[in-house]
Amino acid sequence: MNLLSIKAVSGIFLFVLLLGVMYNFNTNRTLEPSEKTEGTSVDGCAAKTITFCPEGHLKSPDHLKYKQPSIIHGRTNVVTVTPWLAPVVWEGSFNPNLLDAIYKPKNISIAATVFAVGKYTMFLKDFLETAEQHFFVGFTVHMHVFTDKPKEVPKVKMAAGRKLTVHTVPSADRWQEISARRMEIIQKLIEEELQDNTDYIFCLDVDSKFYDRWGTESLDRLVAVIHPGYYKTNRDVLPYERRPSSKAYIGLGEGDFYYCGGAYGGQVQEVHQLTKTCSENFKDDAKKGIEAAWQEESHLNRYMWINKPTKLLSPEYLWQDFKSKEPEIHTIRFSGVIKNYAAIRPNA
Ligand code: UDP
């Protein structure tokens, strides 16, 4: 073989080797959520060995039968999208079977946090039992209960794929303290236990019960629940923190909605960012002797005003048992029970 043909053969060899390396790289890796899908199948993101669908790519099972969607018929007495084009979830605005069929093959895992400190352990039984009936039924769910009285956590029968972990936290002399430090604890939970194995997290108040489905329709990057007490209120009288010296400050003519501190969630990375920022802001306020009007809820409202939630859940997702049902509320999914504050809180 002369020099020229040796060069040609080794050139071809190198080219074939390069093709092989590129093929291997494309078919064996797992995509990061932010990456674009390349080399996907005609159906979308689930090309042979790519194991993760980026957020927003909702792959429906082949030939699934469901009610025909419409853009001219649907809910008419409520708004189902925000000015920044995030959906607002109301009964009748989604198809639960379609959504479950889309999310089921993704094998998603959902964590929920709930705090029961002092006498609030009395709410755990109903909360946990009704969650079994309505909260992400059929999905992988890990409940994290934070309490100062681990022995008072009731034994609740949980379905396959669902589990509960009890975390011990200190007692508190003031209810404001409990409401103030939940976010820091959730931030640590995400850092220490969830960030590598959990997709979504919801942070919920314990003095509440589930009455109807809360499921895959609530999933998104950053999810806020609109407070049932203020969704018809002019924003200038919403109970935001109004002192400019506070890091939770929202001025007159500012803000979008009033969001609940008793229910929020999203992807664990997003909720980590939220809880970290809010607890840092809370501590910065404390150094100046400021406690925001509604503790963490005020900081959450400020955070969500700047960092727009990607999905909003209507007040169906946190109603209050003492409120009569309004005409636009077609179902109540989760609702705060009636309670005697003087009897259950450590301070008035
Ligand atoms: N909480 C608690 N023990 C208390 C007070 C509050 O565990 O003594 C927790 C509990 O998870 C409760 C949440 O903090 O659901 C919010 O407090 P609360 O329901 O009293 O506030 P509200 O929503 O009624 O203003």
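Readers should treat all values here as calculations from the given coordinates under stated rules, not as data from a laboratory. Since the structure is predicted, the reported quantities are computational estimates derived from the model, not experimental observations.
Computed values, structure above
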item: Gained length - Glu177 relative to Ser324, 0.36 nm times residue gap less alpha-carbon distance; result: 49.9 nm
item: Cα centroid separation - region 182-247 against region 100-139, whole Å; result: 14
item: Extension gain, Thr82 back to Asp284 (0.36 nm per residue minus Cα-Cα distance, nm); result: 69.6 nm
